[in-house]
1. Tell me, what HN-Hα J-couplings in whole Hz come from the Karplus equation 6.51 cos²θ - 1.76 cosθ + 1.60 at θ = phi - 60° for each residue of the stretch 81-95, using x for Gly and Pro?
2. Give me the Å³ per residue figure for the convex hull around the C-alpha atoms of the stretch 63-245.
3. Can you give me the long-range amide H partners of Leu199? Hydrogens built in the peptide plane at 1.01 Å from N, cutoff under 5 Å, separation of 5 or more residues or another chain.
4. Please compare each pair in Lys85/Lys112; Lys131/Lys174; Lys71/Lys237; Lys85/Lys237; Lys131/Lys223 to a cut-off of 20 Å on the Cα-Cα distance and tell me which ones are over it.
5. Just to check I understand the Karplus step: with θ = phi - 60° and J = 6.51 cos²θ - 1.76 cosθ + 1.60, what whole-Hz values come out for the stretch 213-228, glycine and proline as x?
6. What residues have an amide H closer than 5 Å to that of Ala232, excluding those fewer than 5 places away on the same chain, when H is modeled at 1.01 Å from N in the peptide plane?
7. Could you work out how much longer the chain between Glu88 and Phe60 gets when fully extended? Use 0.36 nm per residue separation minus the Cα distance between them, nm to one decimal.
8. Sorted by packing (mean other beta-carbon atoms within 10 Å per residue), highest first, where do 143-150, 63-70, 95-102, 162-169 land?
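Read-outs throughout are calculated quantities, based only on the coordinates presented, and are distinct from any laboratory measurement. Here the structure is a predicted model, which is why all the values come from computation and not from measurement. A quick note on method: Cβ atoms are made from the backbone with ideal geometry, for glycine too, and the neighbour counts reach across all protein chains shown.
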Amino acid sequence: MSKTQTQTQTQAANSPTLQLRGQHAVREGITPGFPVTTDLESSPFYAVQTGDTRTVLPTFSTPEEERTYRKEHLALVFRILHRQKLSEGIAGHCSVRDPVEPDTFWVNPQGKSFARMRASDLVRCRVSDGKMIEGRGPTDASASSIHSQVYRVRGRGGDSGIESIVHVHGPHSKAFSSMGRVLDMISQDACAYHDEMVLVPFGGAVFDNREGERIANLLGHRKIAILQNHGALAVGKLSIDEAAWW
């Protein structure tokens, strides 16, 4: 064995980071390659075990810089939803609150495929009435009606304020919406949605702010609404990434 190899192995043995068991683990009945360590803080599960998060939002020098970040992430969310087969061509809409003028929000224009969405395609609408004030448009009537009213009812900041909304007609959410039910709390994965999901009875196609307000009021403080015979809607308190994750 060369001197370099010996030094490398010695450094690895003294390292506080995760190390892998050798092949002898097979004879001991232990899964080979399973990470072991006595340094708990180096474990990839340490943050989860202690209730902390490893994901933090970036800081911005100006509201305009944050606006660019939010629009780029919104455009990326559309493409991810398409890649995950959670979109139906041009159906569905996602939005994020504008940090420069928080009484407005950015949303996708009508007729643009999720797969081809860019930040420059997004249009800006008012929270108060859903009217478009920036962009080439046009906007989807249901998008402006639902999103404007959910932003208005939930507000910003505090326990119930929101910064983003995602609405899609994914195959799984449509299955639950057509059956008129939400998830049963029968697994640890489902429990992430405990008291965070509500069924919104079908009230017809959304063409005005009154139906959008009804959906917003039934959603209440929760994160997810199953829209009966329609699809699903999720909100994020901090970012568009959060709403898309739900």
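1. Using θ = phi - 60°, the values come out as 4, 5, 5, 7, 6, 9, 10, 10, x, 9, 7, x, 7, 10, 8 Hz.
2. Working: hull volume 19.2 nm³, N = 183.
So the per-residue hull volume is 105 Å³.
3. Placed amide hydrogens put Ile226 under 5 Å from Leu199.
4. Values: Lys85/Lys112 16 Å; Lys131/Lys174 28 Å; Lys71/Lys237 16 Å; Lys85/Lys237 25 Å; Lys131/Lys223 25 Å.
Distance filter (> 20 Å) returns Lys131/Lys174; Lys85/Lys237; Lys131/Lys223.
5. 5, 4, 4, 4, 5, 6, 4, x, 8, 6, 9, 10, 10, 8, 8, 4
6. Residues meeting the criterion, in which the H sits 1.01 Å from N, are Val168, Gly170, Leu227.
7. Numbers: separation 28, 0.36 × 28 = 10.08 nm, distance 3.41 nm.
Extra length available between Glu88 and Phe60 comes to 6.7 nm.
8. For the peptides 143-150, 63-70, 95-102, 162-169, the packing ranking is 143-150, 162-169, 95-102, 63-70.
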